[in-house]
Amino acid sequence: MDDTPHSKRVGLSSHRNGWIALLLPFCFAGVQFYMRSEAGPFWQWNLLDPAYFYLLDALNLLSGDPPGHIYHPGVTVHAYGAIVIGLVSLFVDGSIVEAVLVDPERYLGVLSNGVIVANTIALAVVGIVGKRVFGHWLPALALQLAPFMSTIILKHAFLPKPESFLVFATCLLISLVLVAFQDNLEFRAKTKLAMGFGILAGFIAATKITAVPVLILPLFLLRDPKVLMVYAAISLFALAVFLVPGIGALEAFVEWLKRVALGSGAHGSGPQTIIEWQAYLDAFAKLLKRPSLKVPLVLAFISLSLTLWRRRTGRILPEQEQWIVLGVSMAQLAQVALVAKQPTAFYMIPSYMLGVVSVVFSVRLIWACRPDGFNIPIDARTAASVVFAGFVAAQTAGVMRVTDHLIDQRLKAEAIDNAVFAHCARVYIYSASAPVYAMFLANKVTGERFAPQLEKQFSPNDYWIDDWWQWEPVTFRNWRGEKDFSIVRAQYPCLFMRGNRPGGIQRFLNRHAPNERFDTSCSTGAETVITQGVDCRGNLVERTSGGNARGGNALGRTN
């Protein structure tokens, strides 16, 4: 392990072998582009939410309207999309709004490219700063494993949505933590550091409200009351600046926060009791079981316990390292406490990534606490290199598993071709793999401002079961508004329904066609596909008197 004093480490930076800082970032970028290529189009059921939302809200900003999907709040993503698409518009003939609506996949690809490049650069910064601080590459490379701490991070980092922005922000947060690691920083340097933390805090808060708990980490690193006041003031100022593009929708965001805060279930649903304690405690424990959190927290507990014991015996130990481990652990636990109310694994991305910081500094503390004269059979750096290589090998296998899963999802989504049902009434529900559904849902949640243009480019036989908000009644509609299901069904020789809302289609049919029977044999993967009067290849089939296709599997009613 490195026993070099901090003050010496900072002066050890060298431009020699600087390419090493790019190794893992280039691997990260390669993994991201590979995953994206294998995952398939953004309109698939597992990718459209919320990528398509942010695309249309970028158009809203370009058109002078406030964003409609303000619930993350995600304003930084809205602004990024508007800036990038605005720049692209300089090279587009005609209306950029029309160009995006006609070919949304192209522009989502451009936004995704920008996100991957930004995250790659931020990860390279971690390596460069780590080398400056530690004086050699191994701990710097270990910290660059942050986005590889969980395959959940990699699944979301290439999508133009808040989670990919949090990967970028957390990389910068790790870099600032490394700067704070230096001993004997002068007040002026600490003030500049507090300003950096504050700007980043504003960015994170304007991106994803569930990431705010990790912003307590700088409190453990700065500790000077005057410096902390600077951190608080700059954080609030930066937040106000980053929220400016969404200022017209801030009232809706505040109302959303109230709903989520009071509701005991997901997205403000359930009894208005704030928390349902048994479910909350179960979710809290479940989140802590993930290796990306459990391993760093266990190591942190061991290292801090050993440090306390060794300090009582008179051993002088590096103080700032202890604060880093304690601060990261408290930040992780604070985020778990917030997210447990609505437990979603990818909400924890900042804490997963910070786990690598906790592990690196916990190991350093454990090594510093070793008994005098204690030696291991191999050099400490060699042992650390072996562990590093083992982690890389394990995560490489994990990347392949996740990619195989994405491929499997794509193939199952492609197994049913919506186009062969062009003569049927095509009905979609959340979250169906269909370009038209991706546009319908995105248009709805962003303010329903593009329906007239979208109606012109899609078939008139496309309809939706609108069940997006749990507190709104479920409706059947098309681009022009609510429709009568029985009348629409009578206009077409067959019916095709698709989506992966558990039981959603069946509940709808139980209300609107209780005496009809439908075929479910076309279902694939996570999506339920229900047909009537047509087979899975789009061929019309004879219907029995009961209303179902002859030879099909009947869809039973549920209570």
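The values are calculated or read from the model by the stated rules, or taken from the named source; none is laboratory data. Remember, predicted model here, so these are calculated numbers, not experimental data. Reconstructed Cβ throughout: ideal geometry from the backbone, glycine too, with neighbour counts over all protein chains shown.
Just a few scattered comments:
- Positions within the range 174-190 being within 20 Å of G135 (Cα to Cα), among the hydrophobic types (A, V, I, L, M, F, W, C) and in a helix (DSSP H, G or I), in sequence order: I174, L176, V177, L178, V179, A180
Quick grid of which residues meet (1) under 26 Å from the mean Cα position of the chain (by Cα); (2) on the phi > 0 side of the Ramachandran plot; (3) of a type in the set (F, W, Y):
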{"site": "L173", "(1), (2), (3)": "yes, no, no"}
{"site": "F197", "(1), (2), (3)": "yes, no, yes"}
{"site": "A206", "(1), (2), (3)": "yes, no, no"}
{"site": "L221", "(1), (2), (3)": "no, no, no"}
{"site": "L236", "(1), (2), (3)": "yes, no, no"}
{"site": "G263", "(1), (2), (3)": "yes, no, no"}
{"site": "I275", "(1), (2), (3)": "yes, no, no"}
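- Reported count of residues in the range 269-281, each being assigned to a helix (DSSP H, G or I), surrounded by 13 or more Cβ atoms within 10 Å (Cβ to Cβ) and not small (G, A, S), is 1.
- Selection over the range 156-209 of residues that are in contact with a strand residue (DSSP E or B) (Cβ under 9 Å, 6 or more places away or on another chain) and of a type in the set (S, T, N, Q) gives a count of 1.
- For the condition farther than 28 Å from L178 by Cβ, surrounded by 18 or more Cβ atoms within 10 Å (Cβ to Cβ) and free of Cβ contacts under 8 Å to residues at least 60 places away in the same chain, G246 does not qualify.
- Filtered by the rule that a residue be in a helix (DSSP H, G or I), out of contact with any Gly (no Cβ under 9 Å at 6 or more places or on another chain) and over 14 Å from G74 (Cα atoms), the range 202-223 gives P213, V214, L215, L222.
- Residue in the range 144-163 that is free of Cβ contacts under 8 Å to residues at least 12 places away in the same chain, of a type in the set (A, V, I, L, M, F, W, C) and touching a Leu at 6+ places or on another chain (Cβ under 9 Å) present: no
- Looking across V167, V212, one residue alone is buried (at least 24 other Cβ atoms within 10 Å of the Cβ) and within 25 Å of the chain's Cα centre (by Cα). It is V167.
- Flag for L509 being more than 20 Å from W45 (Cα to Cα), touching a strand residue (DSSP E or B) at 6+ places or on another chain (Cβ under 8 Å) and not assigned by TED's automatic domain parsing to the domain that holds Y428: no
- The range 76-158 holds no helices (runs of 4 or more DSSP H) entirely within its bounds that carry 2 or more residues that are in contact with a Ser or Thr (Cβ under 6 Å, 6 or more places away or on another chain), at pLDDT 95 or above and under 20 Å from F391 (Cβ atoms).
For every residue, the table says whether it meets (1) farther than 15 Å from M149 by Cβ; (2) in a helix (DSSP H, G or I).
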{"site": "K294", "(1), (2)": "no, yes"}
{"site": "V298", "(1), (2)": "no, yes"}
{"site": "F301", "(1), (2)": "yes, yes"}
{"site": "L308", "(1), (2)": "yes, yes"}
{"site": "I316", "(1), (2)": "yes, no"}
{"site": "Q320", "(1), (2)": "yes, yes"}
{"site": "L326", "(1), (2)": "yes, yes"}
{"site": "M330", "(1), (2)": "yes, yes"}
{"site": "L333", "(1), (2)": "yes, yes"}
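- Subset of the range 517-540 [surrounded by fewer than 18 Cβ atoms within 10 Å (Cβ to Cβ) and outside any strand (DSSP E or B)]: T520, S521, A526, D535, R537, N539
- Among the residues listed as L411, L406, the single one being in a helix (DSSP H, G or I), under 23 Å from M149 (Cβ atoms) and out of contact with any Cys (no Cβ under 6 Å at 6 or more places or on another chain): L406
- Members of the range 469-506 found to be in a strand (DSSP E or B) and at negative phi, listed by number: T475, F476, R477, N478, E482, L495, F496, M497, R498
- Checking each residue in the range 111-124 for being crowded, with 18+ Cβ neighbours inside 10 Å and aliphatic (A, V, I, L, M) picks out L111, V115, I116, A122, L123, A124.
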